[in-house]
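A.B. asks: Structure provided below as structure tokens; questions to follow.
The values are calculated or read from the model by the stated rules, or taken from the named source; none is laboratory data. All of these numbers come straight from a predicted model, not from anything done at the bench. Ideal geometry is used to build each Cβ from the backbone, glycine not excepted, and the neighbour counts take in all protein chains shown. Each accessible area value is taken on the protein alone, full model and side chains, heavy atoms only, with ligands, DNA and RNA left out. Shrake-Rupley method; radii C 1.70, N 1.55, O 1.52, S 1.80 Å.
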Amino acid sequence: MKHKLIELFRELSETIDYLKGFEPGFDIPKVEGHGDFATNAAMMLAKKTGKNPRLIAEEIKNAIKTPSDFIEKVEIAGPGFLNFFINPLYFSKIIVEIKDKNEKFGYFDFNKGKRANVEFVSANPTGPLTVGHGRNAVCGDTIANILERTGFEVDREYYFNNAGRQMRTLGNSVKLRYLQLLGNEIEFPDDHYQGEYIKDIAQKLIDRYGNSLVDDNSTVFKDTAEESIFEEIKATLLRLGITHSIFFNENTLYEDGSIEDCLNKFEALGLSFKSEGAVWLKLSEMGKEKDKVIVKSTGEPTYRLPDIAYHIKKLERKYDLVIDIFGADHIDTYPDVIASVSALGLEGEKIKVLIHQFVTILQNGEVVKMSTRKANFITLDELIDWVGSDVVRYFFNMRSIQTHMNFDLDLAKKQSDENPVFYLQYAHARICSILRLAEEQSIKAGYTNLHLLNAPEELKLLKKLHQYRDIIHRAATTLDAVVICTYLEELAGLFHRFYTVCRIIGSGKELEEARTALVIAVKFVLKDGLTLLGLTAPERM
RNA sequence: GUCCCGAUAGCUCAACGGAUAGAGCAUCAGCCUUCUAAGCUGAGGGUUAAAGGUUCGAAUCCUUUUCGGGACGCCA
């Protein structure tokens, strides 16, 4: 609808010359009396032209033909705002549009034919996913959903490393527990994985192999642990409706020579040098603060090198957009990766890194410091057990990605049935209930008398429905789902108010039909929005 | 010490540089013979951390300070 107003201004610029080349901005006023759309155009133009903003507003207003099918009236207010009041009939068209476009209503095609990759979670399989991983998982999956709405074909990717020191310690931890369970008195080191799940895995090995592994120095302990933990991780993610299409093992980069390749290229371009037995990357020549080591004096690469090689790999797969979802602890490392990739002549600007701040967990009024190694964590599974998958997803989505968030577990448990999630879902269930009754009484949606929808509650709903596509668009631009949550809460609120004021069944044939058409449209958008966020839209509650 | 985030109602969080800063939870007072009361209506609750600046206009942009989180490794 905004583009229609922008169009209008373009037409006006043919007669008012200071409008030439001017791009007006429109927003939806908070106060009802200020119309459906407002622009500060006159104030902006006042600077350029040196004219009084109210005078400019007057000239623009007089040039607009009112009332028309589109604009009912224009008012000038305050220092020079132009407030546009849209013809109510124009709003009701949205019901028909939603019906006609159906599944396509919440989709755009401006990224059609393009491919995107979203890498998220990417926790090494050393233990169960924690609540902290939950934020990463939910944000990543939702971003992927949003990108799909713009036409992107999206791959969801999980990057892991089963060869590093972490994993060796994991294997060792299992072995020690295995030996202990077999009755050996062994001290279990502090820096090993303390969790109970390690014992479970050890027990599994005893069940399967008895004591035959006591002298086994193969990777059987590590492999079993990895396999078992990965199964758990995938199962947890599945509970949240998350599945990755690609699991990328860091090892691949060594096996296929990517690491070697990458090193050679840096050397050939003079972007690396040797010092103190290590290989350094000349980040200072790529606009960064200081040089960093990419190969230790032991000959082992630092995490930086595979990270770079991995991103090169992703770019080589011809994605148009490569997104990484990282926690705040990676905030300083990714610029190095992008700079390096660009220095090698690849399109580093295709890589977008979304940093989410950490989740602070409060339990019994105290902050829980999470550590997988120390087995001091609340698992994502436990959280899902307590509040359910929908609440978990909504909770992480409803906060802007860059804000720190506090998660009070006691509160979450206590309030689980007074959560905003239920407010949204309840609106959907209520509509379903009405529609079931309508069906019984052979009431059908009618699209010929939509002008009857003129109660304030009805008009507000119609206007809100109009905003949905803009909201998705904004979520796609900002790569943040909060706006969708806020929107859905507003829509649900408007529906609940409509519901208490406007009866559907028994309001007379024509109004019944029009209102049925309206609630079908509301139901569609609610469900579509919930689906986009990865939540269910229950038909009964 | 340097750098990156953040600070908005009692709590958790919203608010393309716009007009009277909004929701949910919590508190208080009302509303079910009528499509689901997981709902609705109303009340109270704010110096938008502080101080300056930019301008017609600032929670939003700039500077400084305070507080919280995170990074500054030949850990990942």
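A.B. asks: Can we say A:Tyr423 is at pLDDT 85 or above, touching an Asp or Glu at 6+ places or on another chain (Cβ under 9 Å), not aliphatic (A, V, I, L, M) and not in a loop (DSSP other than H, G, I, E, B)? Even if it seems obvious, please write down each step before you answer.
C.D. replies: On the way: at pLDDT 85 or above: yes; touching an Asp or Glu at 6+ places or on another chain (Cβ under 9 Å): yes; not aliphatic (A, V, I, L, M): yes; not in a loop (DSSP other than H, G, I, E, B): yes.
When the stated conditions are applied, A:Tyr423 passes them.
A.B. asks: Anything in the range A:5-31 that is in a loop (DSSP other than H, G, I, E, B), open to solvent by 30 Å² or more (accessible area, probe 1.4 Å), within 16 Å of RNA strand B (Cβ to nearest atom) and more than 13 Å from A:Ile60 (Cβ to Cβ)? List them, or say none. Walk me through how you get there before you give the answer.
C.D. replies: Restricting attention to the range A:5-31, the residues satisfying the condition of being in a loop (DSSP other than H, G, I, E, B) are A:13-16, A:20-25, A:28-31.
Those still in the list that are open to solvent by 30 Å² or more (accessible area, probe 1.4 Å) too: A:14-15, A:20-23, A:25, A:28, A:30-31.
Within this subset, residues satisfying the condition of being within 16 Å of RNA strand B (Cβ to nearest atom) are A:22-23, A:25, A:28, A:30-31.
Correct list: A:Glu23, A:Gly25, A:Ile28, A:Lys30, A:Val31.
A.B. asks: In addition: So which of A:Ala429, A:Ala455, A:Ala445 is of a type in the set (Gly, Ala, Ser), farther than 30 Å from A:Gly327 by Cβ, more than 9 Å from RNA strand B (Cβ to nearest atom) and in contact with an Asp or Glu (Cβ under 7 Å, 6 or more places away or on another chain)? Let's see the steps before the verdict.
C.D. replies: On the way: A:Ala429 fails: more than 9 Å from RNA strand B (Cβ to nearest atom); A:Ala455 fails: in contact with an Asp or Glu (Cβ under 7 Å, 6 or more places away or on another chain).
Going through A:Ala429, A:Ala455, A:Ala445 in turn, the sole match is A:Ala445.
A.B. asks: Please report, ordered by residue number, the helices (runs of 4 or more DSSP H) entirely within the range A:168-255 with at least 1 residues that are closer than 29 Å to A:Gly534 by Cβ and hydrophobic (A, V, I, L, M, F, W, C). Steps first, please.
C.D. replies: Values: elements: A:196-209, A:220-239, A:251-255.
Correct list: A:220-239.
A.B. asks: Can you pull out every residue in the range A:4-34 that is farther than 22 Å from A:Tyr468 by Cβ and of a type in the set (Asp, Glu)?
C.D. replies: A:Glu11, A:Glu14, A:Asp17, A:Glu23
A.B. asks: Of all residues in the range A:472-494 being within 26 Å of A:Leu435 (Cβ to Cβ) and open to solvent by less than 20 Å² (accessible area, probe 1.4 Å), which is farthest from the chain's Cα centre (by Cα)?
C.D. replies: So, considering only residues that are within 26 Å of A:Leu435 (Cβ to Cβ) and open to solvent by less than 20 Å² (accessible area, probe 1.4 Å), the one farthest from the chain's Cα centre (by Cα) is A:Gly493.
A.B. asks: Scanning for something small (Gly, Ala, Ser) and under 30 Å from A:Glu226 (Cβ atoms), does the range A:263-277 turn up at least one residue?
C.D. replies: Within the range A:263-277, none of the residues are small (Gly, Ala, Ser) and under 30 Å from A:Glu226 (Cβ atoms).
A.B. asks: In the range A:170-180, is there at least one residue being over 26 Å from A:Phe120 (Cα atoms) and open to solvent by 50 Å² or more (accessible area, probe 1.4 Å)? Outline the logic, then answer.
C.D. replies: Step one: filter the range A:170-180 for residues over 26 Å from A:Phe120 (Cα atoms), giving A:172-180.
From what's left, open to solvent by 50 Å² or more (accessible area, probe 1.4 Å): A:172, A:180.
Yes, that holds for at least one residue.
A.B. asks: Can you tell me which residue is farthest from RNA strand B (Cβ to nearest atom) among those in the range A:61-87 that are farther than 22 Å from A:Met44 by Cα and open to solvent by 50 Å² or more (accessible area, probe 1.4 Å)? Please lay out each step first, then the result.
C.D. replies: Let us first name the residues in the range A:61-87 that are farther than 22 Å from A:Met44 by Cα, namely A:65-72, A:86-87.
Next, only the ones that are open to solvent by 50 Å² or more (accessible area, probe 1.4 Å) stay: A:65-67, A:69, A:72.
Numbers: A:Lys65: 21, A:Thr66: 17, A:Pro67: 19, A:Asp69: 23, A:Glu72: 16 Å.
In this case the residue turns out to be A:Asp69.
A.B. asks: Just wondering, is there one or more residues in the range A:499-512 that are part of a helix (DSSP H, G or I) and open to solvent by less than 10 Å² (accessible area, probe 1.4 Å)? Full working, then the answer.
C.D. replies: Filtering the range A:499-512 for residues part of a helix (DSSP H, G or I) gives A:499-501, A:509-512.
Still in the running and open to solvent by less than 10 Å² (accessible area, probe 1.4 Å): none.
No, every residue in the range A:499-512 fails to be part of a helix (DSSP H, G or I) and open to solvent by less than 10 Å² (accessible area, probe 1.4 Å).
A.B. asks: Follow-up. Restricting attention to the range A:317-369, which residues are of a type in the set (D, E, K, R) and either over 27 Å from A:Leu380 (Cβ atoms) or at pLDDT below 90 (or both)? Working first, answer last.
C.D. replies: So the first thing to find is which residues in the range A:317-369 are of a type in the set (D, E, K, R), and the list is A:317-318, A:320, A:324, A:329, A:332, A:336, A:347, A:349-350, A:352, A:366, A:369.
Listed by number, the residues that qualify are A:Arg317, A:Lys318, A:Asp320, A:Asp329, A:Asp332, A:Asp336, A:Glu347, A:Glu349, A:Lys350, A:Glu366, A:Lys369.
A.B. asks: State all residues of the range A:372-388 that are open to solvent by less than 30 Å² (accessible area, probe 1.4 Å) and either within 14 Å of RNA strand B (Cβ to nearest atom) or in a helix (DSSP H, G or I) (or both); if no residue qualifies, say none. Walk me through it before giving the result.
C.D. replies: The initial filter retains those residues of the range A:372-388 that are open to solvent by less than 30 Å² (accessible area, probe 1.4 Å), namely A:378-380, A:383-384, A:387-388.
Within the range A:372-388, A:Leu380, A:Leu383, A:Ile384, A:Val387, A:Gly388 qualify.
A.B. asks: Here's another thing I want to ask about it. When you go through (1) surrounded by 14 or more Cβ atoms within 10 Å (Cβ to Cβ); (2) in contact (Cβ under 8 Å) with a residue 60 or more places away in the chain; (3) farther than 18 Å from A:Leu271 by Cβ one by one for A:Leu344, which number turns out not to apply?
C.D. replies: For A:Leu344, the exception is condition (3).
A.B. asks: Here is a further query. Starting from residues that are touching a helix residue (DSSP H, G or I) at 6+ places or on another chain (Cβ under 7 Å) and assigned to a helix (DSSP H, G or I), keep the ones in the range A:393-420 and report whichever is surrounded by the fewest Cβ atoms within 10 Å (Cβ to Cβ).
C.D. replies: A:Lys413
A.B. asks: Still on this structure, I have one more. Given the criterion farther than 17 Å from A:Ala375 by Cβ and in contact with a helix residue (DSSP H, G or I) (Cβ under 9 Å, 6 or more places away or on another chain), identify the matching residue among A:Thr126, A:Thr150, A:Thr130. If you could, list the steps in order and put the result at the bottom.
C.D. replies: Details: A:Thr126 fails: farther than 17 Å from A:Ala375 by Cβ; A:Thr130 fails: farther than 17 Å from A:Ala375 by Cβ.
Matching residue, one of A:Thr126, A:Thr150, A:Thr130: A:Thr150.
A.B. asks: Kindly indicate whether A:Asp36 is among the charged types (D, E, K, R), open to solvent by less than 70 Å² (accessible area, probe 1.4 Å) and closer than 16 Å to A:Phe84 by Cβ.
C.D. replies: Details: among the charged types (D, E, K, R): yes; open to solvent by less than 70 Å² (accessible area, probe 1.4 Å): yes; closer than 16 Å to A:Phe84 by Cβ: yes.
Yes, satisfied.
A.B. asks: What is the residue count in the range A:436-471 for residues that are open to solvent by 30 Å² or more (accessible area, probe 1.4 Å) and outside any helix (DSSP H, G or I)?
C.D. replies: Going through the range A:436-471 one residue at a time, the tally reaches 8.
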